[in-house]
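Report on one structure; see the data block that follows.
Computed from the coordinates by the stated procedures, all read-outs in this text should not be read as laboratory data. Computed from a prediction, not measured in an experiment: that's the story for all the values here. Glycine gets a Cβ as well: all are built from the backbone with ideal geometry, and neighbour counts include every protein chain shown.
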Amino acid sequence: MGALMVDQAHYVLVSIMIATTVVSYFYYFGIMTQMFFRPAASDEKIQLPAGTTAVILITVIGTILFGVMPNLAIDFMHSNFNQFIDFMR
């Protein structure tokens, strides 16, 4: 929209942007079609190792915890890494 709102509108730039957007939609729609609409190779459930399950569970709990209470992480950083404040500037 910004390319069209100037005194001398850049119609060539706008047409290139529209054309590349249409091409990318067709490209990514093909990938989405392969991911979601292709039949599965087998109907068996995925078996994850215990270590992978533990890591996923820890990251999910951490994401929910720090998403709900972000001050926990901020207070921890301020109390333990405050001496590095000069280095960060």
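Picking from 74, 16, 61, which residue would you name as being within 22 Å of the chain's Cα centre (by Cα) and without any contact (Cβ under 8 Å) to a residue 12 or more places away in the chain? Write out each step before concluding.
Numbers: 74 fails: within 22 Å of the chain's Cα centre (by Cα); 16 fails: within 22 Å of the chain's Cα centre (by Cα).
Criteria check complete, one pass: 61.
Does residue 3 satisfy the condition of being in contact with a Leu (Cβ under 6 Å, 6 or more places away or on another chain) and free of Cβ contacts under 8 Å to residues at least 24 places away in the same chain? Talk me through it step by step, then tell me what you get.
Working: in contact with a Leu (Cβ under 6 Å, 6 or more places away or on another chain): yes; free of Cβ contacts under 8 Å to residues at least 24 places away in the same chain: yes.
Considered against the rule, which asks whether it is in contact with a Leu (Cβ under 6 Å, 6 or more places away or on another chain) and free of Cβ contacts under 8 Å to residues at least 24 places away in the same chain, residue 3 comes out as yes.
Do any helices (runs of 4 or more DSSP H) lying entirely in the chain carry at least 2 residues that are of a type outside the set (Ser, Thr, Tyr) and surrounded by 11 or more Cβ atoms within 10 Å (Cβ to Cβ), and which ones are they?
Working: elements: 11-36, 50-68, 71-80, 85-88.
Once the helices (runs of 4 or more DSSP H) in the chain are filtered for at least 2 residues that are of a type outside the set (Ser, Thr, Tyr) and surrounded by 11 or more Cβ atoms within 10 Å (Cβ to Cβ), what remains is 11-36, 50-68, 71-80.
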